[in-house]
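Notes follow once the structure below has been shown.
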Amino acid sequence: MTQDRAVHTRRRILSAASEEFAAAGFRGTSLARICERANLSTGALTFHFPSKQHLALAVVRLGHAVTEAAVDNAARRTAVPLTAVMNVTLALVRLLDEDPVVRAAARLAQEGPEAQQPWQSLWLPQLRCLVARAHCAGQLAEHTDPGDVLALAVHLVAGAECPGPGLAADDGQDLALRADRVWHLAAQGFAPAAPGPRTDPRPGP
């Protein structure tokens, strides 16, 4: 029972810390605010994480694990490289829109107390490889530069990572649905034919 309580407490701390780090960054987040959000004492928090730096590193590791799992799952949902590019891009947008752990990890990679593995390094190499495979498979129009397709995917993810006020959907749609619409609009120019059935931007099973 004691071990179960400790695991539950640790999860509460990580959840509260993720919300705070995602919203305020490393410097703008205090242990006091995290304790308040988690409804825990400072002693309970520091029992699991002796400093804000230790807590930030734990959030980054968790966010990286969630990101890697989502990217792998999205890429495996299809054998068509160009569709996989779209799936991975929309999976990343959805993570940033819905999961504070991933938002916090992405922000802490830039603002954390020490050098971190860039969050983009978890997915950019795979996207680059998928775009190259799509090009080799003839899934891009003859005039299309594969680098431009990659840039589109990266910009969609970056827009979800740091959305400006003009990127919010006026019709109530979430960021993943808006990104899906942008992708298919652009695909009319870079795909040699209709890109096929629209991908489902929701997470896979």
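The values are calculated or read from the model by the stated rules, or taken from the named source; none is laboratory data. Here the structure is a predicted model, which is why all the values come from computation and not from measurement. Counting neighbours? That spans all protein chains shown, and the Cβs are built from the backbone with ideal geometry, glycine included. What goes into the accessible areas is simple: the full protein's heavy atoms, side chains included, and nothing from ligands, DNA or RNA. Shrake-Rupley method; radii C 1.70, N 1.55, O 1.52, S 1.80 Å.
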Check: Of the trypsin sites (Lys or Arg not before Pro) in segment 8-72, which ones lie in a loop per DSSP and count no more than 12 other C-beta atoms within 10 Å?
Finding: 27
Note to self: Using the basic label-point model (7 angstrom from Cα toward the beta carbon), what is the residue 42 to residue 184 distance in nanometres?
What the structure shows: 5.4 nm
Notebook entry, point to check: So for 145, 4, what's the accessible-area order with a 1.4 Å probe, most first?
Noted result: 4, 145
